[in-house]
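Everything on this sheet refers to the single structure shown next.
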Amino acid sequence: MQLNPINALTNGDSGFTTALILLIIFAMSFLMNFTDIPQRIQLMRWSRNIRARLYQLEQMIFSAKNKASEFFRSMGLNNPRGIIDGFLNNFFVIEPVSIEPTDIIKRLDHLIRSRDTMVKKYVEEVMSDKGKVERENATVVLEIVRLLHMVYKIIKHYYLTALKHNNWVLMMQLALSMPQIMRELEAVHKALDAFSTGKPVGDSAGALVAAKLIGQATRREIAEDTVMAEVMFDGRKLVVIKAEGPGATVGKPGEAIEKLVERLGYRPSRIITVDAALKLEGEESGEIAFGSGAAIGDPGPEKIRIERVATKCGAALDAVVIKMSIEEAINEMTKEIAEGCMKALETIKKIIKERTKPSDTVVVIGVGNSVGVF
């Protein structure tokens, strides 16, 4: 008798049903193992995820531009959007040639200074009637908007490149990196509030410690946007260096100590740098660490100046750091960071008492952004 498959199926023929299921499983296994369908499905999933993140980033940039516009409008400036748009795609720096390393630090320093000069000139032109502090804070506000805009363009570039070439590996890498990228960009976006209102941020920790050491002592400018002051502590002469403040600037601490030694004739027996440092996951915010070297997150020119001066003078080079996350570093200073600054101050005093002798000259450099810190 001839078997009708449909009748067999409807009559509950378990053998045919089993065979059909096995056939479907075999076909699915073949498609999943011997074709690129799984990768294409993953590509679609990752692509959808990244599109959603790009939309969030677009909204973040829109919000940042609005906040920056309100900041400039509060200063009585006309056409704030024109000021922002005129800054976004300009003032980039091309790295110097590194194949030939001779004088690479000098060349990098020159390029950084040239770029900084162009940015300052631009801000002075659009804010000619405003004071130095307002212009410095405005510069950082513009840099924040520019950073968000630049990262958005880079992410979009890699996203469209992966789509164009069906590159699921690139899409996967981008999709897996997006949560961390978005977390850091949200912190950058939030930083607009602190810099536009001139409040100290986590990165102001080094400047705050230096300001506490200076107290009411007379300050004088020693380098661009950088001041120094002499104070006595337990029989030692302390020369404290920090960015000028209260505007948002990091100054030139390396150039300052270079001038201190080469032009003013100081011969420190010890150089102590204090700065913010990114904490590892699991570490507590505001935790203090002490070590050797120059604690400064600079591309190279300022750090190498400090190291060269220490070597020339034969001075010990100490580093005191206050631990914090990237979010805490660029946003309004928290209670934990402020308490960490006081601990760092006591650590510096202890180092001076235990590792120097009376009549020694000690240089303390408060590294970091001086926004809100005088």
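Residue count for region 100-114 satisfying the condition of being part of a helix (DSSP H, G or I) and surrounded by fewer than 15 Cβ atoms within 10 Å (Cβ to Cβ): 4.
Checking each residue of region 268-291 against the condition of being of a type in the set (Ser, Thr, Tyr), in contact (Cβ under 8 Å) with a residue 60 or more places away in the chain, closer than 24 Å to Val227 by Cα and touching a strand residue (DSSP E or B) at 6+ places or on another chain (Cβ under 9 Å) gives at least one match.
Residue by residue, here is whether (1) outside the structural domain of Tyr152 (by TED's automatic domain parsing); (2) small (Gly, Ala, Ser); (3) at pLDDT 90 or above; (4) out of contact with any Gly (no Cβ under 7 Å at 6 or more places or on another chain) holds:
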| position | (1), (2), (3), (4) |
| --- | --- |
| Asn11 | yes, no, no, yes |
| Ser14 | yes, yes, no, yes |
| Ile21 | yes, no, no, yes |
| Ala27 | yes, yes, no, yes |
| Gln42 | no, no, no, yes |
| Trp46 | no, no, yes, yes |
| Met60 | no, no, yes, yes |
| Ala64 | no, yes, yes, yes |
| Arg73 | no, no, yes, yes |
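Could you check, for region 84-104, whether at least one of its residues is at pLDDT 95 or above and among the β-branched types (Val, Ile, Thr)? Looking through region 84-104, at least one residue is at pLDDT 95 or above and among the β-branched types (Val, Ile, Thr). With respect to Leu170, determine if the residue is modelled with pLDDT under 95 and of a type in the set (A, V, I, L, M). So Leu170 passes the test. What are the residues in region 316-374 that are of a type in the set (Asp, Glu) and either under 19 Å from Glu287 (Cα atoms) or outside the structural domain of Val239 (by TED's automatic domain parsing) (or both), if any? Hits for region 316-374 are Asp318, Glu327, Glu328, Glu332, Glu336, Glu339, Glu346. Looking across region 63-90 at every residue that is among the basic types (Lys, Arg) and touching a residue at least 40 places away in the same chain (Cβ under 8 Å), the one that is surrounded by the fewest Cβ atoms within 10 Å (Cβ to Cβ) is identified as Lys67.
Residues of region 331-354 include none that is free of Cβ contacts under 8 Å to residues at least 60 places away in the same chain, part of a loop (DSSP other than H, G, I, E, B) and in contact with a strand residue (DSSP E or B) (Cβ under 9 Å, 6 or more places away or on another chain).
Within region 169-187, residues that are surrounded by 14 or more Cβ atoms within 10 Å (Cβ to Cβ) have Cβ atoms under 7 Å from residues that are modelled with pLDDT of 95 or more and among the hydroxyl-bearing types (Ser, Thr, Tyr) in these pairs: Leu170/Tyr158; Leu170/Thr161; Leu174/Tyr158; Leu174/Tyr159, counting only partners at least 6 apart in sequence or on another chain. Quick one: Val93 ticks every box in (1) part of a helix (DSSP H, G or I); (2) closer than 30 Å to Leu160 by Cβ; (3) touching a helix residue (DSSP H, G or I) at 6+ places or on another chain (Cβ under 6 Å); (4) free of Cβ contacts under 8 Å to residues at least 60 places away in the same chain bar one, so which box is it? Against the list (1) part of a helix (DSSP H, G or I); (2) closer than 30 Å to Leu160 by Cβ; (3) touching a helix residue (DSSP H, G or I) at 6+ places or on another chain (Cβ under 6 Å); (4) free of Cβ contacts under 8 Å to residues at least 60 places away in the same chain, Val93 comes up short only on (1).
Quick check on region 200-208. Is at least one of its residues in a loop (DSSP other than H, G, I, E, B) and buried (at least 19 other Cβ atoms within 10 Å of the Cβ)? There is at least one residue in region 200-208 that is in a loop (DSSP other than H, G, I, E, B) and buried (at least 19 other Cβ atoms within 10 Å of the Cβ). In region 218-234, the residues that are within 17 Å of Asp360 (Cβ to Cβ) and in contact (Cβ under 8 Å) with a residue 12 or more places away in the chain reach residues that are assigned to a loop (DSSP other than H, G, I, E, B) and among the hydrophobic types (A, V, I, L, M, F, W, C) with C-beta atoms within less than 7 angstrom, at least six apart or across chains, in these pairs: Glu230/Ala217; Val231/Ala217.
Here Ser128 fulfils each of the conditions (1) polar (S, T, N, Q); (2) farther than 17 Å from Gly82 by Cβ; (3) at pLDDT below 95 apart from (2).
The values are calculated or read from the model by the stated rules, or taken from the named source; none is laboratory data. Owing to the predicted nature of the structure, the values given are computational and were not obtained by experimental measurement. FYI the Cβ positions are ideal-geometry reconstructions off the backbone, even for glycines, and counts take in every protein chain you see.
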